[in-house]
Amino acid sequence: MLSLECFFTANCQYSDSSIIRRSTTDSLPAIKFNWKTATNPNLFPYKKLILPATLIAYGVVSLHSDALQDINKKVKEEVYTERDPKKMYIDNYLQYSNAAAVYALNIAGIHGKNNFRDRTMIYGISSLIMGATVFSVKKIAGESRPDASNNFSFPSGHTANAFAGAEFLRQEYKDVSPWYGIAGYAVAVTTGYLRIQNNKHWAGDVLAGAGVGIMSARLAYWIYPVIKRNIFKNKDVHTVVLPSYQNGQLGVGMVHQF
């Protein structure tokens, strides 16, 4: 890379070095610059949160807006009432498929951005943020499900889980091929659609869940580097305990690399 090299004896020249050297008679140390490094790589990624925040905001407004509640009812009518589809429980499994795909691809030799420890910790942090958010908001919102089975409709936990996994898959493999992320988001959208088709969620619940999932994953990719520098450093870790969320319950799981 072309840079300017200056000596304190007023001798300046161009070179391919990125070091500003001192003269033999000067006591100042050599100064090294990395011109490609950002001044603060840990700045809060607020721009990346605009889309998920918008989805969440729509869902929140739909709880109190008559116009958006009418849209919820029309979507239900189109997807569930008029078609009267048979319930499909595949969404209970699809919500985990994107995260599972990340590990399956690595086992198959198609390696993503991070190693086992790092990607597992990132997914764990994402799951913790997502699960805690969904669990607490469901309790606070108290929205009745379309089938009136309970009052934990908002936001959709299945959809949040699916979109968190989709963003996880996209982040890990976006440098390999964008199609991994596209496929992951297609699976997440299918999961959200099935939640409406199964009469378990309103459209606003699904959109808010998608926003929570995407935001959780993106926050995890921002938070983890700080944890890595201060806790793990260069240590090898083969066992990781993960938080989990399923059917309104928070729990923990363990992953071990043999």
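The values are calculated or read from the model by the stated rules, or taken from the named source; none is laboratory data. Note that this is a predicted model, so its numbers are computed, not measured. Glycine gets a Cβ as well: all are built from the backbone with ideal geometry, and neighbour counts include every protein chain shown. Just the protein is used for accessible areas: all its heavy atoms, side chains included, with ligands, DNA and RNA removed. Shrake-Rupley method; radii C 1.70, N 1.55, O 1.52, S 1.80 Å.
Here the accessible area is traced with a 1.4 Å probe on the protein chains. For the stretch 48-205, carbon and sulfur cover 64 percent of it.
Hydrodynamic estimate: the Kirkwood radius of the stretch 59-109 over Cα pairs, inserted into Stokes-Einstein at 20 °C and 1.002 mPa s, corresponds to D of 152 µm²/s.
In this model, which of Lys48/Lys174; Lys87/Lys174; Lys139/Lys200; Lys138/Lys200 are farther than 24 Å apart at the alpha-carbon?
Distance filter (> 24 Å) returns Lys87/Lys174.
By a 1.4 Å probe calculation restricted to protein chains, Asp70 has an accessible surface near 80 Å², given to the nearest 10.
Projecting the Cα atoms of Gly181, Tyr193, Gly204 onto the charge dipole of the stretch 81-225, computed from C-beta unit charges around the Cα centre, puts Gly181 farthest toward the positive end. For the stretch 143-200, the Cβ-based charge dipole about the Cα centre amounts to some 120 debye (Lys, Arg positive; Asp, Glu negative; other atoms uncharged).
Which residues does a label at Lys174 reach in the stretch 99-136, if reach means a backbone N under 14 Å from a point 7 Å past the Cα toward the Cβ? So the set is 113-114.
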